[in-house]
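The values are calculated or read from the model by the stated rules, or taken from the named source; none is laboratory data. For clarity, every value in this text was computed on a predicted model and none was experimentally measured. Cβ: placed from backbone, ideal geometry, glycine included. Neighbour counts: every protein chain shown.
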Amino acid sequence: MTRLPALASWRRPQRELDESSEAAALEAVVDLHTFAPAALRRLSIAAGAVDVEVRTEELTAAWFGWPVRTFEAALPPGKLGWDWAMFAYHGWLRLSALDRRLTRFVPSGLFYNALVTGVRPADG
């Protein structure tokens, strides 16, 4: 978008964009979505945890967040201002609330984040 003439003055220097793209390429290596929630629970129990719970979150909120963060990354910090920040934040809040309702109907494996909690038993 920042290649559009109207937004050209908002564009980050090309060197910064190149560095950001190189860093983003690492996401494919570190941001893995290969664990089903049930498999995470089994893995945690096999590692010795008890009272294991796996909760998933962010489906529509993640769909919203990816393009928002991509656009923000193309601009110098602070360029978008407070109104943009509130748009992004409140959009995420609303969609996160929707996602909490969707957990009753949508398979947990489709959500973006999995939060795993468990307790390490006391030695004894």
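Going by the conditions given, is Arg55 loosely packed, with under 11 Cβ neighbours inside 10 Å, basic (Lys, Arg) and not in a helix (DSSP H, G or I)? No.
Could you figure out which of (1) of a type in the set (Ser, Thr, Tyr); (2) assigned to a strand (DSSP E or B); (3) surrounded by 13 or more Cβ atoms within 10 Å (Cβ to Cβ) isn't true of Ser44? Only one criterion in (1) of a type in the set (Ser, Thr, Tyr); (2) assigned to a strand (DSSP E or B); (3) surrounded by 13 or more Cβ atoms within 10 Å (Cβ to Cβ) is unmet by Ser44, namely (2).
For first residues located in segment 75-102 and under 15 Å from Trp63 (Cβ atoms), partners that are charged (D, E, K, R) and in a helix (DSSP H, G or I) and lie 6+ apart or on another chain with Cβ distances below 9 Å form the pairs Ala88/Arg69; Ala88/Glu72.
Considering only segment 76-124, state which residues are under 30 Å from Pro13 (Cβ atoms) and either in contact with a His (Cβ under 9 Å, 6 or more places away or on another chain) or not hydrophobic (A, V, I, L, M, F, W, C) (or both).
Here is the first cut: in segment 76-124, the ones under 30 Å from Pro13 (Cβ atoms) are 76-89, 91-92.
Across segment 76-124, the qualifying residues are Pro76, Pro77, Gly78, Lys79, Gly81, Asp83, Tyr89, Gly91.
Filtered by the rule that a residue be at pLDDT below 95 and basic (Lys, Arg), segment 69-99 gives Arg69, Lys79. Being modelled with pLDDT of 95 or more, over 22 Å from Leu115 (Cα atoms) and in contact with a helix residue (DSSP H, G or I) (Cβ under 6 Å, 6 or more places away or on another chain), is that true of even one residue in segment 43-66? No, there is no match, as no residue in segment 43-66 is modelled with pLDDT of 95 or more, over 22 Å from Leu115 (Cα atoms) and in contact with a helix residue (DSSP H, G or I) (Cβ under 6 Å, 6 or more places away or on another chain).
Identify the residue in segment 64-82 that is surrounded by 12 or more Cβ atoms within 10 Å (Cβ to Cβ) and aromatic (Phe, Trp, Tyr) and, among all such residues, is farthest from Val106 (Cα to Cα). Of everything passing the filter in segment 64-82, Phe71 is farthest from Val106 (Cα to Cα). Between Ala114, Ala85, Ala97, Ala122, the distinction of being in contact with a helix residue (DSSP H, G or I) (Cβ under 7 Å, 6 or more places away or on another chain) and either surrounded by 10 or more Cβ atoms within 10 Å (Cβ to Cβ) or among the aliphatic types (A, V, I, L, M) (or both) belongs to Ala114 only.
If the condition is being more than 20 Å from the chain's Cα centre (by Cα) and either small (Gly, Ala, Ser) or in a helix (DSSP H, G or I) (or both), then segment 63-84 contributes Gly78, Gly81, Trp82, Asp83.
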